[in-house]
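Below is one structure, written out as structure tokens, with a few remarks after it.
The values are calculated or read from the model by the stated rules, or taken from the named source; none is laboratory data. These figures come from a predicted structure and were not determined experimentally. Glycine gets a Cβ as well: all are built from the backbone with ideal geometry, and neighbour counts include every protein chain shown.
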Amino acid sequence: MTFFNTEITWFLDVYILLILGYAILIMSSYLILAYLSTKELRRYLKRNSFVDYDVLLTSEFAPKLSLIAPAYNEGLTIEENVKSLLSLNYNNYQVIVVNDGSKDNSMEILTKTYDLVLTDLDFHPKIETKKIRGIYTSKNAAFKKLIVVDKENGGKADALNVGLNIAQNPYVVCIDVDCILDKDSLLKLAKPFLESYGNRIIATGGVVRIANQCIIKNGRLVEVNVPDVMLSRIQVLEYLRAFLLGRMAWGKLDGLLLISGAFGAFDKEIAILSGGYSTKTVGEDMELIVRMRRYMLDNKLPYSVSYIPDPLCWTEAPEDFKIFKKQRSRWMRGTIETLSIHRRMFLNPKYKLLGMLSVPYWTLFEFLAPGIEFIGLVITVVFIVFGLLNWHFFFLLLFFVYSFAVLFSVIALYSEEKTYHKYPKQADFFKLLMAAFIEPFYFHPLTVYASLIGYKEKIMGTKGWGEMTRKGFTKKE
């Protein structure tokens, strides 16, 4: 019996040390990334405070861009979204909307709104895709930048590859069609390509924000509001943390593994040479960036991936848990698939910082974190059942983790207030502040649960995105 008690005590001590060690490691990494992000954000704002983007707008050297917007059952928002894409402050660009076999009235809306007619566009596909039913342009000269492709359903990656095949410009901007762009978004996104010296910029991305309850007029965001629904309101905080306190630091380190599929620009040549978007993963945005970077490193080609901290893109976030669960489980499956496809990069010095830091970080803190939390919860319940839990330590650790989670959200909110200040109403600030205190008990468990569903779906061999129903934007006439 003494031996059994000794074994239990040893196991408890090891468990406590592991939990403490993991918590300290992940929190320390967050703080380091936040520090680097804050420092780089200040440098960026100072460097760009006197930039006159009108010069870039009128410059003959401005990079030529092709916007690719895949659309599947986006009838609720597609009219406003395409208006937004066609009204951006930029000269050298075209808009390619790829209707991926929608079952709703998306194609009918596009045809009627933009006076579309079938055209015979000459292009030479370099990536194999599903069959194209037709390519359309507008009879209206006001929409001369618009190309609409109607194709058989093949998924988002397949639709993006169609866009890559048809794009006529050297740089492509891949965007979710349900997004609303800031009017100067292309000017800011194109700037790194124009300024690159030595290293070839193969991709660049910007900040994505939540558009729920924001007011949209003629394809433009005219009023920013905090979402009414708590689930989407907390996602505002989540996005602030991810983009202002996370990706800014990875961009500085040149270790970004992900440019949001909602809005990112790519060197078309490198994207095609890398094989285009993979149709074998639901995380095609992350996988393409990793593959492009791996291609450059394998071929010993100097390159960089740039990051823009400006809020350039506004997207609709899920407002009910059913849709949220589908989104987050898909994100987890995409992460697992990307890390699995490129597992040779893990701690491989050949891939420099990417292999020695970025991939291990994503493996430990993005892929494994939900599973570690779940195992820790199960062990804690077992300890409670057998009366082995040290309640004093348990509540102390719980308070420590909760306080850090709230503090980190407050830091992100403070950074937003001191930089871009997109939520000027005092009431909105306090709504977000209160959400920071609610999040650890409400939102975080939902996120972990959805990630665990992602684990299960991956093990069971689940494929595809699943239906993602849109509510649509609030319009102002």
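Every residue, every condition in (1) buried (at least 20 other Cβ atoms within 10 Å of the Cβ); (2) charged (D, E, K, R); (3) in contact with a Ser or Thr (Cβ under 7 Å, 6 or more places away or on another chain); (4) in contact (Cβ under 8 Å) with a residue 60 or more places away in the chain, yes or no:
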{"residue": "S409", "(1), (2), (3), (4)": "yes, no, no, yes"}
{"residue": "E416", "(1), (2), (3), (4)": "yes, yes, no, yes"}
{"residue": "D428", "(1), (2), (3), (4)": "no, yes, no, yes"}
{"residue": "F437", "(1), (2), (3), (4)": "no, no, no, no"}
{"residue": "F441", "(1), (2), (3), (4)": "no, no, no, no"}
{"residue": "H444", "(1), (2), (3), (4)": "no, no, no, no"}
{"residue": "V448", "(1), (2), (3), (4)": "no, no, no, yes"}
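The residues of segment 382-434 that are assigned to a helix (DSSP H, G or I) and either touching a strand residue (DSSP E or B) at 6+ places or on another chain (Cβ under 6 Å) or acidic (D, E) (or both), listed by number, are E416, E417, D428. Inspect all residues belonging to segment 62-75 and state whether any of them is assigned to a loop (DSSP other than H, G, I, E, B), closer than 27 Å to M286 by Cα and either at pLDDT 95 or above or among the basic types (K, R) (or both). Yes. Of the numbered criteria (1) buried (at least 20 other Cβ atoms within 10 Å of the Cβ); (2) of a type in the set (A, V, I, L, M, F, W, C); (3) assigned to a helix (DSSP H, G or I), the one L36 fails is (1). Going through (1) crowded, with 22+ Cβ neighbours inside 10 Å; (2) of a type outside the set (D, E); (3) part of a helix (DSSP H, G or I); (4) in contact with a Leu (Cβ under 7 Å, 6 or more places away or on another chain) one by one, T338 falls short only on (4). In segment 76-95, the residue that is farthest from L160 (Cα to Cα) out of those that are assigned to a helix (DSSP H, G or I) and in contact with a Ser or Thr (Cβ under 7 Å, 6 or more places away or on another chain) is E79. Do you know which residues across segment 234-273 are surrounded by fewer than 23 Cβ atoms within 10 Å (Cβ to Cβ) and of a type in the set (V, I, T)? Residues satisfying the conditions are I270, I272. Does G206 fit the bill of being out of contact with any Phe, Trp or Tyr (no Cβ under 9 Å at 6 or more places or on another chain) and modelled with pLDDT under 90? No; evaluated as a whole, the condition is false for this residue. When each of Y239, Y295 is tested for being farther than 24 Å from L57 by Cα and within 20 Å of the chain's Cα centre (by Cα), the lone residue that passes is Y239. Here E366 fulfils each of the conditions (1) touching a residue at least 40 places away in the same chain (Cβ under 8 Å); (2) surrounded by fewer than 20 Cβ atoms within 10 Å (Cβ to Cβ); (3) of a type in the set (D, E) apart from (1).
Taking the criterion of being more than 17 Å from I135 (Cα to Cα), in contact (Cβ under 8 Å) with a residue 40 or more places away in the chain, surrounded by 17 or more Cβ atoms within 10 Å (Cβ to Cβ) and not aliphatic (A, V, I, L, M), the residues of segment 65-91 that qualify are N73, E74, T77, E80, N81, K83, S84, Y90. Condition check for R294 on (1) crowded, with 19+ Cβ neighbours inside 10 Å; (2) closer than 21 Å to A242 by Cα: one failure, at (2). Checked against (1) among the small types (G, A, S); (2) in contact (Cβ under 8 Å) with a residue 60 or more places away in the chain; (3) in contact with a strand residue (DSSP E or B) (Cβ under 6 Å, 6 or more places away or on another chain); (4) within 26 Å of K126 (Cβ to Cβ), G261 passes all but condition (3). I need the full set of residues from segment 72-90 which are among the hydroxyl-bearing types (S, T, Y) and out of contact with any strand residue (DSSP E or B) (no Cβ under 6 Å at 6 or more places or on another chain), in order please. Within segment 72-90, T77, S87, Y90 meet the criteria.
Residues are listed down the side, and each one gets a yes or a no for (1) free of Cβ contacts under 8 Å to residues at least 60 places away in the same chain; (2) buried (at least 18 other Cβ atoms within 10 Å of the Cβ):
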| site | (1), (2) |
| --- | --- |
| D115 | yes, no |
| L118 | yes, no |
| K130 | yes, no |
| S138 | yes, yes |
| F143 | yes, yes |
| V148 | yes, yes |
| V162 | no, yes |
| A167 | no, yes |
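Rundown of residues vs (1) farther than 22 Å from G251 by Cβ; (2) without any contact (Cβ under 8 Å) to a residue 40 or more places away in the chain, yes/no style:
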site: D320; (1), (2): yes, no
site: I323; (1), (2): yes, no
site: G334; (1), (2): no, no
site: S340; (1), (2): yes, yes
site: F346; (1), (2): no, yes
